[in-house]
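Below is one structure, written out as structure tokens; comments come after it.
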Amino acid sequence: MSSSVQPLPFEQPIVELHQQLAELESGDESSSKDVRSEIKELKKQIADTTQEVFSNLSPWKVVQVARHQNRPYTRDYLQLVFDEFVELHGDRHFGDDRAILTGFAKLDSQRVMVVGHQKGRTVKERTECYFGCAHPEGYRKAMAKMRMAEKYGLPIICFIDTPGAYPGVGAEERGQAWVIAENMYEMSRLKTPIICVVIGEGGSGGALGIGVGDRVAMLEFSYYSVISPEGCAGILWKSHEFAENAAEALKFTSEHLPGLGVVDDVIPEPLGGAHRDHQQMAVQIKQYLTKTLRDLTSTSTEDMLDNRYAKFRAMGKFLEEAEA
Amino acid sequence: MSTETTKRAKRGVPEGLWKKCPGCNETIYTKTADELLGCCPECNHHFYVSGKERIRQVLDEGTFEEWDADLMPTDPLQFKDKKAYADRIVSEQQRTGLNDAAITGTGMIRARRVALGLTDSAFIMGSMGSVVGERLTRLIERATEQNLPLIIISGSGGGARMHEGILSLMQMAKVSAALARYDNAGGLFISVLTNPTMGGVAASFASLGDVVFAEPRALVGFAGPRTIKATIRIELPEGFQTSEFLLEHGYVDRIVPRDRLKSEIARTIDYCGK
């Protein structure tokens, strides 16, 4: 774990063990037999503690992990999962929204189009990308590149990681509601395979604007929700302080979403979360994408589109009186 | 104002006989407004009208046949905020006489058969949960099969319904996908935006019309004005997120006053040869 990682409060026991380990390892007697066995014991303890903390995360803690500053972002996966990324800019109407990255990429030998939210790591980048909150030009850019992918037979991979679409005057003036609707509408019928992976925050319409696909997966400690827990608490509990209660009530973690029929697959994270081991997380994602693309490309386009429609068509729960 | 109400009550005037218009602040005779389809005789402010009244206004008399009225909301998450969603459903049903926020069916508009759907903003803010999504999807699928023009009149301050969590969000994708298939089949979809049309309803079926009409001065947008204000901390421009604002920015085809809606829909159907 790199020292720049800001530990979350509940990670404190793990951090302390790591510090002990570092002290032992850098001590004068680190090569003595006793210390070596102590180190071994401590490493086991770290693994056990990490396992224990992360196997019992409350939904609110999952939100904190999903928002962790060292969690890998789309740009990290572009480097770690793909052999090449050729960024394509601009929506041809207004600008180049930095909150959504788009471009050609190579997944081993398979050429694909990648579309993904980018939150930004440095202060400068975060400001440029509005912390991953896209404007209409971001969704338009995404759709323009996805249409191109359809034209040239490239499968599409979407990485979802946004607190939500940007709420602002310009965003409303340029049709935020319109572009999100348009993207879902078009993605439902694009004649090329689409895989969507929620890698961190799946924030509402802002997520769904690049979230309609043949397979929808989520990382183990990501969440996908109709509204942020803070937003929900503000409306239904009348105070943001109830965000933890809202997180509990919304059932938006990988524990519940597959059972609700919204998420097809959960991609396991390395011990202690993706922020502890970007490389390992990338390996898991790559395996998932490779396997899933193989499955999808073995289906005819017509069947694929029917399956895509049927998948979303089946979502929702209601009661219906049996026909007499 | 509460004091006026008290004064009037003392004079024995039945409650609701008069109302104050938020558009011009005039006190108007409720019956006059009702005769004007729920509009102010002084300033043409468009008041809320219920879904059932809306159907009476838009369809030829006695032609409405409701579809999927037997779908009932359930509580898939066992959601509970200050109040349990299961209890909220029951109290909203009793209060509004609706079993959920959408009404769908078929009927005639000046002798043209159409598929008609609407959301009533009285039922949990007109928000879209599973029943709203399913009713609209079935409506769109039937319109596709029967080659009917499709009219959806939206009113929703709530967008996607929080109490059904992610399932509500997914109704946006489900309804939009059904509309894409309807479009593939050459269907004509006229979307009518009424006050208010916000959030996940605006960001799905409401904005996907081949033709988009809006009632005058309706609030329409993605993010709520309060959220925007809290995020960017500036005063919002006058008329922000109104029908007129959206027309100016290119997102609405026509602003249609309520008394013209029926004939404007009929005319559009004729132009499109449906």
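The values are calculated or read from the model by the stated rules, or taken from the named source; none is laboratory data. Given the structure is predicted, the values throughout are model-derived calculations rather than measurements. When we count neighbours, we look across all protein chains shown, and the Cβ atoms used for this are built from the backbone with ideal geometry, even at glycine.
Numbers below:
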read-out: Yes/no for A:A274 being in the same structural domain as A:L107 (by TED's automatic domain parsing), under 30 Å from A:V15 (Cα atoms) and among the small types (G, A, S); value: yes
read-out: Residue in the range B:113-121 that is closer than 19 Å to A:R313 by Cα, in the same structural domain as B:F79 (by TED's automatic domain parsing) and either within 18 Å of the chain's Cα centre (by Cα) or part of a helix (DSSP H, G or I) (or both) present; value: yes
read-out: Qualifying residue in the range B:218-230 (condition: more than 13 Å from every other protein chain (Cβ to nearest Cβ) and more than 15 Å from the chain's Cα centre (by Cα)); value: no
read-out: Criterion violated by A:G259 - all others in (1) within 14 Å of chain B (Cβ to nearest Cβ); (2) small (G, A, S); (3) touching a residue at least 12 places away in the same chain (Cβ under 8 Å) satisfied; value: (3)
read-out: Test: B:A178 is facing chain A (nearest Cβ under 8 Å), closer than 30 Å to B:K262 by Cβ and over 16 Å from the mean Cα position of the chain (by Cα); value: yes
read-out: Helices (runs of 4 or more DSSP H) (entirely within the range B:169-259) containing at least 1 residues that are modelled with pLDDT of 95 or more; value: B:199-202, B:243-248
read-out: The range B:192-206, residues that are crowded, with 24+ Cβ neighbours inside 10 Å and either without any contact (Cβ under 8 Å) to a residue 12 or more places away in the chain or in contact with a strand residue (DSSP E or B) (Cβ under 7 Å, 6 or more places away or on another chain) (or both); value: B:V192, B:L193, B:T194, B:P196, B:T197, B:M198, B:G199, B:G200, B:V201, B:A202, B:F205, B:A206
read-out: Test result for B:A33, farther than 15 Å from B:L261 by Cα, among the hydrophobic types (A, V, I, L, M, F, W, C), surrounded by fewer than 19 Cβ atoms within 10 Å (Cβ to Cβ) and in contact with a Lys or Arg (Cβ under 9 Å, 6 or more places away or on another chain); value: no
read-out: Pair list, Cβ under 6 Å, 6 or more apart: the range A:224-239 residue of a type in the set (D, E), other residue surrounded by fewer than 22 Cβ atoms within 10 Å (Cβ to Cβ); value: A:E230/A:H240; A:E230/A:A243
read-out: Evaluation of A:E173 against (1) charged (D, E, K, R); (2) in contact (Cβ under 8 Å) with a residue 40 or more places away in the chain; (3) at the interface with chain B (Cβ under 8 Å from one of its Cβ atoms) (one fails), failing number; value: (2)
read-out: Yes/no for A:E16 being closer than 25 Å to A:L289 by Cα, surrounded by fewer than 16 Cβ atoms within 10 Å (Cβ to Cβ), of a type in the set (D, E, K, R) and under 30 Å from the mean Cα position of the chain (by Cα); value: no
